[in-house]
Structure formats: C-alpha cells, structure tokens
Amino acid sequence: MDLTFSEEQDELRKVVRSFLAKHSDETEVRRLAADPTGHDPVVWRRMAGELGLQGLVVPEEYGGSGFGYVDLGIVFEEAGRALLCGPYFATVALAAEALLRCADETARTDLLPGIASGETVATLALTEEAGRWDEQGIRLTAHETTDGWRLTGAKTYVPDGHLADLLLVAARTESPGISLFAVEATEAESRGLTRPPLPTLDQTRRQARLEFTDTPARLLGTEGAAWPGLERTLATASVLLAAEQVGGAAAALDAAVEYAKIREQYGRPIGSFQGIKHKCADMLMEIECARSAAYGGLWALDTGDEAETAIAAALAQTFCSEAFTRVAGDNIQVHGGIGFTWEHPAHLYFKRAKSSEVLLGTPSYHRELLAARLGI
C-alpha cells in the first residue's frame with residue numbers, strides 16, 4: 001500500500017481547498033443551511049466546469065476524466081473539511097457509482113455524461129422505513145405493463161432526493177432479487193411521484209422521502225440482478241464518506257488548537273494546561289488512525305480487489321464514523337461555553353458527524369459486515 005501523494009494529487013488538494021475556501025466558508029454554509037434546497041446551482045456548475053469534480057472517476061468515454069479513487073478521496077476529504085453543502089455525495093458517491101457498477105452500457109452512455117458535466121443532479125434511493133442499507137430492507141415494488149415499468153411504494157432518508165433530476169431506485173419485481181430503475185424526477189412529478197424534504201439534524205446535508213404511485217421508470221440492467229452492483233456501490237460510498245469524515249474531523253481539530261492558543265485563563269493560554277494538551281493529542285491520534293483507515297479503503301478501490309475493498313470499506317466506516325463524532329464533540333469541549341452556542345461553527349461539525357455516523361448504516365452495522373467479511 002502506497003499512502004504517499006504525487007505532486008499532481010497535492011496540487012489537486014490545493015486547488016480544491018482554495019475553491020471551497022471561497023465558495024463554502026462559514027457564511028455560505030449557514031446561508032445554504034437555511035435555504036430550502038440547501039444547494040447553490042452556480043457553484044455546482046463551476047465545480048463541474050472549472051474543476052471537473054463530478055466526473056473525476058467517470059471514464060473518459062462517458063464524459064469524465066478517468067482519475068482514480070485516491071484522487072476522488074482527496075476531494076471528499078476537502079469537502080468534509082469545508083462542510084460542502086449540496087448534492088455532491090449523492091450524485092458522485094451514490095448515483096454515479098451505481099451506474100458504473102450497473103451492467104447496462106446503454107444506461108451508462110445515456111446518463112453518466114450529464115452527471116460528469118454537472119447538468120444532472122442524481123441520487124440513489126435505497127432505504128425505506130426500516131432504515132436498512134441491505135437487500136432485506138428493500139420492499140418497494142415494480143411491475144411491468146404494456147407501457148413500461150411502474151414503481152409503487154416509498155423510499156426515505158434519500159440524500160438530496162428533493163432536488164435530484166435523476167433518481168436511481170432499488171425495487172423488487174416478480175423475479176427474485178433486486179432490480180435497479182431510473183426515474184426522471186421532473187417528468188415523474190406529474191405522474192405519481194412526490195418527494196417532500198425531511199427535517200434533519202444536519203442542515204448541511206438534506207434528505208427526502210420519495211413516494212411512488214404507479215410511477216413510470218426505466219429498468220437498468222437485468223431484472224433481479226442489481227444487488228451485487230449496489231453492494232459494491234455502498235462499499236465505495238462508505239470509503240468516500242470515511243474520507244469526508246476525516247476532513248471534517250481535521251477541521252474540528254484545527255479549530256480546537258487555534259482556540260487553545262488564544263483563549264486565556266489565569267493569565268495563560270488554555271493550550272498550556274495538561275488537560276487541554278491531552279485532549280488535543282487524543283483528537284490527533286483519532287484523526288490519524290481514521291485517515292489511515294480511509295486511505296486504505298481508497299487504495300483498495302484503486303486496486304480493483306472487491307474482497308479487499310469490502311473489508312476496507314466496513315473497517316473505514318466503523319472507525320471514521322466514531323472518530324469524527326468524538327473529535328467534533330471534543331472540539332466543543334475545548335471551546336467551553338461558546339462551543340455550545342448557535343453563533344459558533346462547532347455545532348455544524350458535530351451535527352454533520354452525527355448524521356454521517358448513520359448515513360450508510362451505524363458503526364455497529366458495519367462491525368457486523370466486517371466480521372462477516374472476515375469470516376469471524
């Protein structure tokens with residue numbers, strides 16, 4: 001495993017960090033958190049047009065750049081550091097990956113270029129009322145008519161489902177197994193689709209409930225054969241979320257250290273007290289361990305070894321979820337009373353940490369996956 005970055009990757013990090021410093025600072029994050037969509041279309045188009053971030057790992061034949069997952073992990077790490085608001089995770093980590101893992105060349109040719117160019121906002125609708133991210137949790141049904149496929153049922157906790165142009169929906173048909181369907185959301189809203197936004201703890205990442213009533217859909221790939229691709233999609237998304245969590249935790253540590261240098265008590269900076277030193281050291285240790293886990297997952301993705309990726313993804317999500325939550329909480333503790341106030345940004349990172357901790361399944365769920373994949 002090579003965990004060193006090339007000059008090009010260091011430059012990528014520098015460019016992305018500079019871009020997000022201008023377009024995802026605290027003022028902008030708070031503005032978008034209060035916005036009904038939680039999304040700035042202008043910044044979204046610039047991310048695609050100027051930096052090519054939406055199509056970074058999309059192969060060139062589908063309009064992307066064909067870079068590796070380590071490169072994409074750098075982007076997610078910086079997005080987590082800046083608390084980027086918008087459908088980047090839903091579109092890139094979930095929807096684009098689901099299309100790449102889908103055995104449907106026509107669908108990839110039709111749908112991936114729009115994602116890579118920034119024209120299409122997309123998401124994956126998998127979870128339902130039970131909140132499960134496994135095959136058994138899928139109950140929404142699809143049936144074939146003389147006029148095409150129709151979906152009936154509901155999905156919930158769908159990232160950015162309220163604004164996505166393209167919905168990729170996991171459903172059951174009469175054939176055994178899980179099938180994947182594409183729904184053009186704008187068209188479907190007049191034909192049986194409703195998608196109210198959900199109230200969420202983390203206002204920087206929106207979710208929605210999707211309700212389908214005999215809604216037209218397009219079957220992707222082979223009926224009943226979608227789950228292996230979706231499982232690999234979830235493993236990839238888990239690693240990318242882990243990278244995002246590392247970035248958020250690093251930003252929280254930076255804020256805690258900076259405050260410890262300038263806040264004085266008894267005539268000296270609080271960072272000089274042993275208790276604060278130990279807390280910051282523990283935060284750093286958590287982050288470095290989490291970073292190793294996330295980078296290991298990105299490396300596994302680039303090797304193409306599915307068994308190694310599955311193990312690395314479960315490990316990364318188990319550790320990074322808890323590490324981000326602990327570090328974000330410790331950041332509040334270092335700041336003391338001001339850290340609990342609405343005016344201070346510490347709560348934004350803590351809310352993102354708590355929501356990310358359950359976004360793709362709880363740490364306990366990923367521990368179970370890890371144990372199963374290791375044969376324990």
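The values are calculated or read from the model by the stated rules, or taken from the named source; none is laboratory data. Worth saying up front: this structure is predicted, and the values here are computed from it rather than measured. When we count neighbours, we look across all protein chains shown, and the Cβ atoms used for this are built from the backbone with ideal geometry, even at glycine. Accessible surface is based on the protein model in full, side chains and every heavy atom, while ligands, DNA and RNA are left aside. Shrake-Rupley method; radii C 1.70, N 1.55, O 1.52, S 1.80 Å.
Residues of the stretch 335-346 that are of a type in the set (A, V, I, L, M) and open to solvent by less than 10 Å² (accessible area, probe 1.4 Å): Ala346 alone.
Taking each residue of the stretch 172-188 that is over 16 Å from Gly161 (Cβ atoms) and of a type in the set (Val, Ile, Thr) and looking for partners that are in a loop (DSSP other than H, G, I, E, B) and open to solvent by 10 Å² or more (accessible area, probe 1.4 Å) with beta-carbon atoms closer than 6 Å, six or more apart or interchain, yields Thr173/Glu223; Ile178/Ala226.
Take the stretch 321-349 and flag every residue that is more than 24 Å from Thr233 (Cβ to Cβ) and of a type in the set (A, V, I, L, M). Walk me through how you get there before you give the answer.
As a first pass, look at the stretch 321-349 and keep what is more than 24 Å from Thr233 (Cβ to Cβ): 325-349.
Passing the criteria: Val327, Ala328, Ile332, Val334, Ile338, Ala346, Leu348.
For the stretch 205-235, a residue qualifies if it is touching a residue at least 60 places away in the same chain (Cβ under 8 Å), surrounded by 22 or more Cβ atoms within 10 Å (Cβ to Cβ) and not aromatic (Phe, Trp, Tyr), and the qualifying residues are Arg205, Arg206, Leu210, Thr215, Ala217, Leu220, Ala226, Leu230, Thr233, Leu234, Ala235. Filtering the stretch 88-96 for residues that are at pLDDT 95 or above and open to solvent by 20 Å² or more (accessible area, probe 1.4 Å) leaves an empty set.
Across the stretch 98-132, the qualifying residues are those that are within 18 Å of Ala225 (Cα to Cα) and surrounded by 23 or more Cβ atoms within 10 Å (Cβ to Cβ), and the one among them that is nearest to the chain's Cα centre (by Cα) is Leu124. Thr152: among the β-branched types (Val, Ile, Thr), out of contact with any Leu (no Cβ under 6 Å at 6 or more places or on another chain), modelled with pLDDT under 95 and open to solvent by 10 Å² or more (accessible area, probe 1.4 Å), yes or no? Answer is no for this residue. Against the numbered list (1) closer than 26 Å to Val257 by Cβ; (2) at pLDDT 95 or above; (3) open to solvent by 70 Å² or more (accessible area, probe 1.4 Å), Gly329 comes up short only at (3). Contact list please: Cβ distance under 6 Å, first residue in the stretch 301-322 and more than 22 Å from Glu357 (Cβ to Cβ), second residue in a helix (DSSP H, G or I), pairs at least six apart or on different chains. Pairs that qualify, where the first residue is more than 22 Å from Glu357 (Cβ to Cβ) and the partner is in a helix (DSSP H, G or I), are Asp302/Tyr69; Asp302/Val70; Glu308/Ala300.
Looking only at the stretch 180-198, decide whether some residue is touching a helix residue (DSSP H, G or I) at 6+ places or on another chain (Cβ under 9 Å), at negative phi and of a type in the set (Lys, Arg). Lay out the reasoning, then the answer.
First, the residues of the stretch 180-198 that are touching a helix residue (DSSP H, G or I) at 6+ places or on another chain (Cβ under 9 Å): 180, 182, 193, 195.
Next, from what is left, pick out any that are at negative phi: 180, 182, 193, 195.
Going one step further and asking which of them are of a type in the set (Lys, Arg), we end up with 195.
For the stretch 180-198, residues touching a helix residue (DSSP H, G or I) at 6+ places or on another chain (Cβ under 9 Å), at negative phi and of a type in the set (Lys, Arg): present.
Of everything in the stretch 236-269 that is open to solvent by less than 10 Å² (accessible area, probe 1.4 Å) and in contact with a strand residue (DSSP E or B) (Cβ under 9 Å, 6 or more places away or on another chain), the residue that is nearest to Leu348 (Cα to Cα) is Ala260. Taken together, the residues in the stretch 253-277 that are of a type outside the set (Asp, Glu), part of a strand (DSSP E or B) and touching a helix residue (DSSP H, G or I) at 6+ places or on another chain (Cβ under 9 Å) amount to 1.
For the stretch 270-280, which positions are of a type in the set (D, E, K, R) and either under 24 Å from Gly296 (Cα atoms) or surrounded by 15 or more Cβ atoms within 10 Å (Cβ to Cβ) (or both)? Result: Lys279, single match.
Of all the listed residues (Thr318, Thr309), the sole one being open to solvent by 10 Å² or more (accessible area, probe 1.4 Å), among the hydroxyl-bearing types (Ser, Thr, Tyr) and under 15 Å from Leu234 (Cα atoms) is Thr318.
This table checks each residue for (1) open to solvent by less than 50 Å² (accessible area, probe 1.4 Å); (2) not in a loop (DSSP other than H, G, I, E, B).
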| site | (1), (2) |
| --- | --- |
| Glu28 | yes, yes |
| Arg31 | no, yes |
| Gly38 | yes, no |
| Trp44 | yes, yes |
| Gly52 | yes, no |
| Asp71 | yes, yes |
| Glu77 | yes, yes |
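So, Ser292, is that one under 24 Å from Val158 (Cβ atoms) and either open to solvent by 20 Å² or more (accessible area, probe 1.4 Å) or among the hydroxyl-bearing types (Ser, Thr, Tyr) (or both) or not? No: the conditions fail for Ser292.
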